[in-house]
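Visitor: Quick one: the structure is below, questions incoming.
The values are calculated or read from the model by the stated rules, or taken from the named source; none is laboratory data. This one's a predicted model, so the numbers in the text were calculated from it and none came from an experiment. Note that each Cβ is placed from the backbone with ideal geometry, even for glycine, and that neighbours are counted across all protein chains shown.
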Amino acid sequence: MPVLDVVLGETEGAQVYFVLDWFRGYWQLHLHPDSQELYSFVTHRGIYTPTRVPMGSTDAVAYCQGVAEEIFSDLLGDGILAWLDNILGYAEDEEALPTLLNKVPARCESYGLKLHAKKCAFFATEVKWCGLL
């Protein structure tokens, strides 16, 4: 996991931002078929075997961060930061931001990830990202 205070140093000099949030982040991530049975549990209605990564499971955070880093690997540190299902885009001016802003949602779409519209912000001069910034 990246250290937030360290990666936020990469935004130094940025004047404009966007914030994107995956809609129900963990639930969009497929659980590998070999792992599904390991997460099965019994209810009064029968056995439930999840096909998506369950929130709160021991390795869910590390897995989610790994997926985010894989998806945005070529953009991280170059105007994009990813912390789990939260994406921060930053640029020194408004002219540079649209290029990034076009890449990230397209990348999410290509991986089948949906964004939470109410938690997204665009062309902001101040943002709250992961409780910081």
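Visitor: Within the stretch 31-47, count every residue that is in contact with a strand residue (DSSP E or B) (Cβ under 9 Å, 6 or more places away or on another chain) and farther than 16 Å from Ala62 by Cβ.
Guide: 4
Visitor: Would you check if Leu81 is closer than 30 Å to Pro33 by Cβ, touching a Leu at 6+ places or on another chain (Cβ under 6 Å), surrounded by 12 or more Cβ atoms within 10 Å (Cβ to Cβ) and of a type outside the set (D, E, K, R)? Walk me through how you get there before you give the answer.
Guide: On the way: closer than 30 Å to Pro33 by Cβ: no; touching a Leu at 6+ places or on another chain (Cβ under 6 Å): yes; surrounded by 12 or more Cβ atoms within 10 Å (Cβ to Cβ): yes; of a type outside the set (D, E, K, R): yes.
In short, no.
Visitor: Can we say Pro105 is in contact (Cβ under 8 Å) with a residue 40 or more places away in the chain and surrounded by 13 or more Cβ atoms within 10 Å (Cβ to Cβ)?
Guide: Spelling it out, Pro105 is indeed in contact (Cβ under 8 Å) with a residue 40 or more places away in the chain and surrounded by 13 or more Cβ atoms within 10 Å (Cβ to Cβ).
Visitor: Looking at the stretch 87-133, which of the residues that are under 17 Å from the mean Cα position of the chain (by Cα) and among the polar types (S, T, N, Q) is farthest from Glu70 (Cα to Cα)?
Guide: Only one residue fits best here, namely Asn102.
Table: residues versus (1) modelled with pLDDT under 90; (2) surrounded by 13 or more Cβ atoms within 10 Å (Cβ to Cβ).
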| site | (1), (2) |
| --- | --- |
| Pro50 | no, yes |
| Ser57 | yes, yes |
| Val61 | yes, yes |
| Cys64 | yes, yes |
| Gly89 | no, yes |
| Asp93 | no, no |
| Ser110 | no, no |
| Leu115 | no, yes |
| Val127 | yes, yes |
